[in-house]
Amino acid sequence: MAIRTYNFTFDVKRSIMPEPVFIRQNDSTGATLINVHLVDNGVPVAINGDLEFRAMTADSQNVIADTTGFSNINIYKGTFSYALPNQLSMTPGKIRIAYFMMVDASGNASTLSFVIFVKPAADLTPSGAKNYISIIDGLIKAFNEWDETAQSSWQNFVNGNKQIIASIDPGGALLAEVIAARGELPQLKDRLDVTDARLHEMKNQSFLFQTKTGIIAHRGAHINAPENTIKAIYNAGLLGYAMVELDPQLTSDGVYVLMHDSTVDRTTNGVGAINEMTYNQANALVVDLSYEGKKAEEVIKIPTFEEACQECQKWGIGINVDCSKITFTEKIFKDVAGMLKHYSLWDKSFFVVDSADEMDLLPSIYPDVNLTWLSKDTDPTENLKKCKKYKNAFVTYSNDIITDELIEVYKDNDIPVFVYGCNTVNDVYKYFVKGVRFVETDTILPGGMF
């Protein structure tokens, strides 16, 4: 009997990936069952050809090809079930290559892709785990005391802790090798001084200057959810995005909500300007955008910015705050900054300002604010001056405008670059290679394409 069951609807005309599948390391065959329905704009599509499942394990060491796990196949209704094999769960991690394949009589193949996460298993029993931890903790405590005082020889340390050491390192041979290898290293105090200095340096360095490329989900991950909603943020966290871009606006009674347009007409079942509605009026509306996997009984509301912060905190993802929808006064900035700080998002978020006044205002209140602006300048001179004026400033360009030459100029001046509108794998890969700090997308997963 399956422990977990997933129901996938694949639209053959749209290359939209369904929700991720979660399995446990060392799951038995059939612990996870996937029910599949093939459609074309909601109309069942017949299965044309033989079915096969293929995947590569999370460590990329083994390829799995299986035709035996299929059941309940209805070729006319386009439905089948598949029991995931236990070979798939050998190694924990993200399985990026997994798909069903249909091969017709002419040898033509079509595929249906999805992502699998293999969660690690705990192999120790609870009692065993408790004893193991206590042994390690005891040994570390004794070793630290010996290391700090250095009042006895290594042999005396081994003799005084024979029972602990014998449990995990008979004779103390392993630890003896470690001590011998450390002989040429700096003393403990010196090592701690260096470490403390490095930690202090890292603490005071903005996340903007990290060397990895962060993928930002534009208005949240809104392929399988409506834009600017808690579900879109949830998906972004689940899929591993570094940040989400969100659009805060104000209701007439001063509540910060998420809405891209000035009116609610496009995204909800209501009409009217969001800034002319009270929060209760906005909260009475239902977000009714179409998206992949939408369920008839699902009710999604316009979220507040604070609710968005709470969801981002759960996943540890930052917020790209789009300031273009409202004028950021001192009060508004302090309100939004206060929520980011309260939910521990300040250091991993940034503001995209919309005017020169906002550019000067924000750092005057919080000098450590992470700040950027949309640039169309093909000459980087003015942007270089602006970035040096503020502590944590960087440049933002559209994918249509940025050039390789501009990227190199900014990199040579230690200025991070953010590129938005990147909706092909080639674009994202190009900016990864060039060391662009942030890339914003509507359609690309952190590990590939929807």
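The values are calculated or read from the model by the stated rules, or taken from the named source; none is laboratory data. Just so you know, these numbers come straight off a predicted model, no measurement behind them. Don't worry about glycine lacking a Cβ; one is built from the backbone with ideal geometry, like all the others, and counts go over all protein chains shown.
Quick notes on this structure:
- Screening region 28-59 for residues that are over 20 Å from Ala121 (Cβ atoms) and small (Gly, Ala, Ser) and picking the one that is modelled with the lowest pLDDT gives Gly42.
- Output for region 260-274, where each listed residue is among the polar types (S, T, N, Q) and either touching a Ser or Thr at 6+ places or on another chain (Cβ under 6 Å) or part of a loop (DSSP other than H, G, I, E, B) (or both): Ser262, Thr267, Asn269
- Restricting region 28-73 to residues that are among the small types (Gly, Ala, Ser) and surrounded by 13 or more Cβ atoms within 10 Å (Cβ to Cβ) leaves a set whose member that is farthest from Gly93 (Cα to Cα) is Gly49.
- Exclusive hit being on the phi > 0 side of the Ramachandran plot and either modelled with pLDDT of 95 or more or surrounded by fewer than 20 Cβ atoms within 10 Å (Cβ to Cβ) (or both), set Ser355, Ser344, Ser375, Ser364: Ser344
- Contacts under 6 angstrom Cβ, first residue in region 52-79 being closer than 23 Å to His37 by Cα and assigned by TED's automatic domain parsing to the domain that holds Phe114, partner among the basic types (Lys, Arg) and part of a strand (DSSP E or B), 6 or more apart: Ala65/Arg54
- One residue from Ser364, Ser324 being hydroxyl-bearing (Ser, Thr, Tyr) and in a loop (DSSP other than H, G, I, E, B): Ser324
- For Asp427: the one exception among (1) touching a residue at least 60 places away in the same chain (Cβ under 8 Å); (2) more than 26 Å from Thr327 (Cβ to Cβ): (1)
- Residue satisfying condition, being at pLDDT below 95 and out of contact with any helix residue (DSSP H, G or I) (no Cβ under 8 Å at 6 or more places or on another chain), within set Asp335, Asp427: Asp427
Each row is one residue, and each column tells you yes or no for (1) of a type in the set (Val, Ile, Thr); (2) more than 30 Å from Val417 (Cβ to Cβ); (3) surrounded by fewer than 16 Cβ atoms within 10 Å (Cβ to Cβ).
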| position | (1), (2), (3) |
| --- | --- |
| Glu298 | no, yes, yes |
| Asn320 | no, no, no |
| Lys325 | no, no, no |
| Thr329 | yes, no, yes |
| Phe333 | no, no, no |
| Met339 | no, no, no |
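- Number of positions in region 60-98 that are within 20 Å of Val115 (Cβ to Cβ), at pLDDT below 90 and of a type in the set (A, V, I, L, M, F, W, C): 8
- Scan of region 1-27 for residues that are touching a strand residue (DSSP E or B) at 6+ places or on another chain (Cβ under 9 Å), at pLDDT below 85, of a type outside the set (A, V, I, L, M, F, W, C) and exposed (fewer than 14 other Cβ atoms within 10 Å of the Cβ), ordered by number: Lys13, Ser15
- Whether a residue is part of a helix (DSSP H, G or I) and either out of contact with any His (no Cβ under 6 Å at 6 or more places or on another chain) or not small (Gly, Ala, Ser) (or both) was assessed, and Asn228 does not pass this test.
- Selected residue (criterion: surrounded by the most Cβ atoms within 10 Å (Cβ to Cβ)) from residues of region 245-259 that are free of Cβ contacts under 8 Å to residues at least 40 places away in the same chain and not acidic (Asp, Glu): Thr251
- Any pair with Cβ under 7 angstrom, 6 or more apart, that starts in region 335-350 at a residue that is in the same structural domain as Ala242 (by TED's automatic domain parsing) and ends at one that is of a type in the set (S, T, N, Q) and surrounded by fewer than 20 Cβ atoms within 10 Å (Cβ to Cβ): Tyr343/Gln310; Tyr343/Gln313; Ser344/Gln313; Leu345/Gln313
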